[in-house]
1. Say we look at the range 139-182 and pick out the residues that are loosely packed, with under 13 Cβ neighbours inside 10 Å and polar (S, T, N, Q); which of these is modelled with the lowest pLDDT?
2. Considering the range 200-233 alone, what residues qualify as being within 22 Å of S27 (Cβ to Cβ), among the hydroxyl-bearing types (S, T, Y) and surrounded by fewer than 20 Cβ atoms within 10 Å (Cβ to Cβ)?
3. Based on what the data block shows, is L139 assigned by TED's automatic domain parsing to the domain that holds A74, within 17 Å of S183 (Cα to Cα), assigned to a helix (DSSP H, G or I) and free of Cβ contacts under 8 Å to residues at least 12 places away in the same chain?
4. Tell me which helices (runs of 4 or more DSSP H) are completely within the range 226-275 and hold 3 or more residues being touching a residue at least 24 places away in the same chain (Cβ under 8 Å) and either at positive phi or among the aliphatic types (A, V, I, L, M) (or both), or say none if there are none.
5. So for the range 18-29 (the condition being more than 12 Å from C186 (Cα to Cα), surrounded by 18 or more Cβ atoms within 10 Å (Cβ to Cβ), more than 29 Å from the chain's Cα centre (by Cα) and not assigned by TED's automatic domain parsing to the domain that holds I158), does at least one residue qualify?
6. What is the number of the single condition among (1) charged (D, E, K, R); (2) outside any helix (DSSP H, G or I); (3) within 23 Å of E135 (Cβ to Cβ) that E97 does not meet?
7. Is there a residue being in contact with a strand residue (DSSP E or B) (Cβ under 9 Å, 6 or more places away or on another chain), in a loop (DSSP other than H, G, I, E, B) and surrounded by 14 or more Cβ atoms within 10 Å (Cβ to Cβ) anywhere in the range 64-75?
8. May I ask you to verify whether E116 is in contact (Cβ under 8 Å) with a residue 40 or more places away in the chain, out of contact with any Asp or Glu (no Cβ under 7 Å at 6 or more places or on another chain), assigned to a helix (DSSP H, G or I) and over 21 Å from D51 (Cβ atoms)?
Amino acid sequence: MYEAFFSFKKKPFELVPDPDFIYLSRSHKKAVTYLDYGIRERAGFLLLTGDVGSGKTTLIRDLIGKKYERAVLAKVFNTRVSVEQLLSMINDDFGLEVDGKDKVALLRDLNDFLLEQYAAGNHPILIIDEAQNLEAGLLEEVRLLSNLESSHNKLLQIILVGQPELRETMASPGLMQLRQRISVSCHLHALGREETEAYIRHRLEVAGNREAVSFAQEALDQIYHFSRGIPRLVNIICDFLMLAAFADETRAISEEMTREVAQDLDFERTYWGVAPAPPREADATRSVERGGALERIERRLDAIDGELGARLQGALSGVEQGMQLMQAEFSGRIGKQDRQVAELGEKVETVSCAIESLVLSSPARPAAVSFARRLMGFGTGGKK
């Protein structure tokens with residue numbers, strides 16, 4: 001609708017998986033490298049996972065389009081099936097007759113076909129997309145298909161493609177043998193903020209006009225915020241932005257226009273449910289920085305607490321030692337006073353004895369004797 005206005009050869013943000021538009025982010029490039037290696041080396045089971053809309057199917061179609069030498073491909077995209085239905089779809093995609101055949105006949109035909117391909121030097125590959133829908137029992141049946149082998153090599157290479165739930169299913173104890181046969185495993189992550197911008201410009205360029213529109217940096221921030229870096233959601237919001245720009249006859253995408261389109265689409269509710277959107281990348285960075293600052297502050301406070309505690313303990317120890325010294329000094333003084341009182345008592349006793357001796361030995365001084373006796377507690381009759 002807007003291709004002519006923007007001088008495009010084709011729409012840049014179609015939702016149909018088109019290998020021509022494939023953009024290799026860091027995780028996409030890694031997945032392509034791993035899968036390409038696994039296919040060329042015929043390395044057992046290959047596993048590719050990623051969130052909805054992360055580009056798994058586009059990546060697989062790109063691999064198929066490379067036309068590996070002597071590769072014979074079968075693709076299964078409908079996985080909510082029974083064992084017999086799954087085998088029928090596999091055989092049918094390999095070009096085998098499937099009508100009216102049961103599981104045993106289907107397996108026999110598949111084995112014969114694989115032996116023929118091996119003898120001809122061909123490389124049969126089975127790609128199962130949306131594999132997260134396979135129950136544990138079906139996954140075990142898929143594993144058994146890898147037992148089809150000649151005396152020297154496996155006859156069939158299998159690539160499982162699915163959402164992250166596939167890994168959860170495969171983690172069950174009953175699928176240990178399948179997990180052990182996974183030779184190559186990779187996961188597609190969402191695009192980062194800079195990758196989202198590069199992805200948009202890449203698609204504009206492939207469509208025929210990289211400079212068709214100019215995006216304000218704030219608009220790109222909003223696209224990343226609403227899409228969270230999921231390529232399919234980037235396509236959805238950008239397609240409507242192109243339509244809005246065409247309607248306004250403008251070639252500038254602003255932050256306000258992006259917000260309006262997101263509101264018209266009810267983006268958060270439609271594509272993310274009621275869950276709140278995650279913080280922007282810049283906000284997340286600031287949050288990390290704030291967290292680091294708080295951590296440093298907490299460490300400093302802990303150090304101060306430790307220092308104050310040590311000082312307080314030292315002060316208390318000093319006070320305790322001082323009190324012990326004072327107590328010892330006081331006790332010493334009390335003991336000295338007790339000794340002085342005892343010495344004084346001894347002196348009084350000595351004086352008393354001397355006076356009594358004097359009185360008894362001097363009768364010519366009765367008045368003194370009478371006074372002394374009364375003073376010391378003796379009666380006048382010489383008896384106490």
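The values are calculated or read from the model by the stated rules, or taken from the named source; none is laboratory data. Small disclaimer: the values here were computed from a predicted structure and weren't measured. We place every Cβ from the backbone using ideal geometry, glycine too, and count neighbours over all the protein chains shown.
1. S151
2. Of everything in the range 200-233, nothing turns out to be within 22 Å of S27 (Cβ to Cβ), among the hydroxyl-bearing types (S, T, Y) and surrounded by fewer than 20 Cβ atoms within 10 Å (Cβ to Cβ).
3. Working: assigned by TED's automatic domain parsing to the domain that holds A74: yes; within 17 Å of S183 (Cα to Cα): yes; assigned to a helix (DSSP H, G or I): yes; free of Cβ contacts under 8 Å to residues at least 12 places away in the same chain: no.
Criteria not met by L139.
4. On the way: elements: 231-248, 255-265, 267-272.
Result: 231-248, 255-265.
5. yes
6. (3)
7. Keep residues of the range 64-75 that are in contact with a strand residue (DSSP E or B) (Cβ under 9 Å, 6 or more places away or on another chain), which gives 64, 68-75.
Those still in the list that are in a loop (DSSP other than H, G, I, E, B) too: 68-70.
Then drop every residue that is not surrounded by 14 or more Cβ atoms within 10 Å (Cβ to Cβ), which leaves 68.
There is at least one residue in the range 64-75 that is in contact with a strand residue (DSSP E or B) (Cβ under 9 Å, 6 or more places away or on another chain), in a loop (DSSP other than H, G, I, E, B) and surrounded by 14 or more Cβ atoms within 10 Å (Cβ to Cβ).
8. Values: in contact (Cβ under 8 Å) with a residue 40 or more places away in the chain: no; out of contact with any Asp or Glu (no Cβ under 7 Å at 6 or more places or on another chain): yes; assigned to a helix (DSSP H, G or I): yes; over 21 Å from D51 (Cβ atoms): yes.
No: the conditions fail for E116.
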